[in-house]
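See below for the structure under consideration.
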Amino acid sequence: MSYTDLREWIQKTDEIGELARIDGADWDLEIGALTEVAEFSSPSPAVLFDHIKDYPVGHRVLVGMIESLKRAAVTTNLPTDIGRNDFIAAWKERLNHPTLIPPRYVDSGPVMENVFTGKQIDVLKMPVPRWHDRDGGRYIGTAHVVFTQDPDEGWINMGVYRVMVHDRDKLALYISPGKHGRIHRQKSFDAGKPLKVAISFGQDPLLFLIASRALPWGAQELEYAGGIKGAPIDVIRGEFTGLPIPAFAEVAIEGEVSPDEVKEEGPFGEWTGYYASGERKEPVLKIHSLMHRNNPIITGAPPFRPQAGADDCSSLIRAAFIWDSLEKAGVPDVRGVACYQNRFFTVVSIKQRYPGHAKQAAIIANQCQTGAYLSRFVMVVDEDIDVADFNDVLWAMCTRVDPENSIDIIRRAWSGPLDPIIPRAEKGLSSRAIIDACRPYEWMKDFPPVSGASKELKEKVLAKYGHFLKR
Ligand SMILES: Cc1cc2nc3c(=O)[nH]c(=O)nc-3n(C[C@H](O)[C@H](O)[C@H](O)COP(=O)(O)O)c2cc1C
Ligand SMILES: [Mn+2]
């Protein structure tokens, strides 16, 4: 096990030279803007904010936890020198043969160093940032973990669903339709009951990472996290909810979401790069108890416009999930998967084995649990295309696609209020383009040969004449 809690994780990140510290920033927009700048710089460090305006020294905010492959490796118990393809392969292997270790319930933990109930509760005693200038409030939950229990089936889910502060003991919890927490909420409301929730707002980055993945319905994400860590996750049992709360969490609350009280949530700068879901009335989360460590650290991952590249940790893990789903659905000879622009554009390469192979891969990649929500384009390419090289991908699209024949549309698929292309009144469904950018199966043997010198010839001429190219 590489580290125990967030504080040890920060130390490790510092040791590998990937931690920046910024003192003096304002919780109001400055932390958000600095986070955006750090995220789009290369290399992109994790940033620990301290001496935050209006707050006691030591009340901190940490962002950029898994923005580099090295930090993602530290977090997910993989070697720090791992490369892109090995990282995907390791995750694919984990999904194929998951190790599940149930959490260990303990009586107490650092999270209980300070416990508040009733009138003593005030979440704004912590430096909760206002991340983007049009945000409808301060968001305490962007890199947190929301625990809920299925009222009928009993299993416990972890999800990342954004949390806005209404006031000192009231929060807004926004869960998109179709997410597990939303189905738990619906089941509770249908039974005329509030939804009990426990939320940690600063915790081992692994828990955040696992909570934000689309594991199958019924899968207990805490057990997956334990499996990856190689040790059970220590949790206390929430007194009010009975739900697990990570014992080493920095900040946590217990509370309930009631069907009877609603209040405006949003707008929020979202991962699409827009404030698309605007402001809606959402059920209010009333806090029953607030607990935090001394000098608490809030973890943050505010969304910004998606990055073009396919090499951020989240895209690599998404690729591994989609690849795993393709294999589990029996699609043979998948050679690569890459995700661009977050959920919007997925590329799969296959070695075409039979007519229809490409279409089958495309539809499963687009409609498996990880691929289905709010995606836009899925493209299938032949095995000679490097899915991680966007030039290669574009070249395949421009030369092996006959738009009239190679593009299909899936209509009325899973989307939601965050989708910028759907008018506000109609949120919920969107279409997908399936692009078959493989050489047409029927005549692929006659497809024009690819031009360009062979690798061997290039190596040979470089060895002989390469010095002429150097300046
Ligand atoms: C930083 C971050 C913020 C997220 N915010 C939300 C959100 O506000 N609402 C939501 O429904 N999903 C949000 N998600 C996506 C869910 O966490 C993700 O779909 C996850 O699979 C949900 O868990 P579930 O599959 O157990 O429902 C967010 C993900 C990340 C990484
Ligand atoms: Mn889940």
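Laboratory data are not the source of any read-out in this text; all were calculated from the coordinates shown. Note that the structure is a prediction, hence the values are computed from the model and not measured. Here Cβ is always computed from backbone atoms with ideal geometry, including for glycine, and neighbour counts include all displayed protein chains.
Here are a few things to note about the model shown:
- Projecting the Cα positions of 118, 136, 178 onto the charge dipole of region 109-184 (unit charges on Cβ atoms of Lys, Arg, Asp and Glu, taken about the Cα centre) puts 136 furthest along the positive direction.
- Beta bridges from DSSP with both residues in the chain: antiparallel share about 70 percent, rounded to the nearest 5.
- Ratio of Rg to Rh for region 35-190: 0.99 [Cα atoms; Kirkwood radius as inverse mean 1/r over pairs].
- Expected-Rg normalisation [2.2 N^0.38 Å, Cα atoms] applied to region 3-121: 1.31
- Simple rule: put +1 on each Lys or Arg Cβ and -1 on each Asp or Glu Cβ in the chain, find the dipole, and look at 364, 98, 307; the Cα lying farthest toward the positive end is 364.
- Charge context of residue 93, other residues only, Cβ under 12 angstrom, K/R +1, D/E -1: -1
- Tensor-based shape of region 115-250 (alpha-carbon gyration tensor, a/c under 1.5 rounded, otherwise prolate or oblate): rounded
- Under the combined filter of DSSP loop state and at most 13 neighbouring Cβ atoms within 10 Å, region 178-262 retains these chymotrypsin sites (Phe, Trp or Tyr not before Pro): 217.
- Note on residue 442 and residue 469: their simple-model spin labels are 4.1 nm apart, each label 7 Å out from Cα toward Cβ.
- With the largest listed first and rounded to whole Å, the semi-axes of the equivalent ellipsoid of the chain from the Cα gyration tensor are 40, 26, 21.
- Cut-off 13 Å between beta-carbons: net charge of the residues surrounding residue 374, Lys and Arg +1, Asp and Glu -1: +4
- This model, with +1 at the C-beta of Lys and Arg and -1 at the C-beta of Asp and Glu, gives the chain a dipole about its Cα centre of some 640 debye.
- At the listed q of 0.16, 0.18, 0.19 Å⁻¹, the Debye profile of region 313-446, built from one uniform point per Cα, gives log10 I(q)/I(0) equal to -0.76, -0.95, -1.05.
- Taking a ≥ b ≥ c as the square roots of the eigenvalues of the Cα gyration tensor, an a/c ratio below 1.5 marks region 69-300 as rounded.
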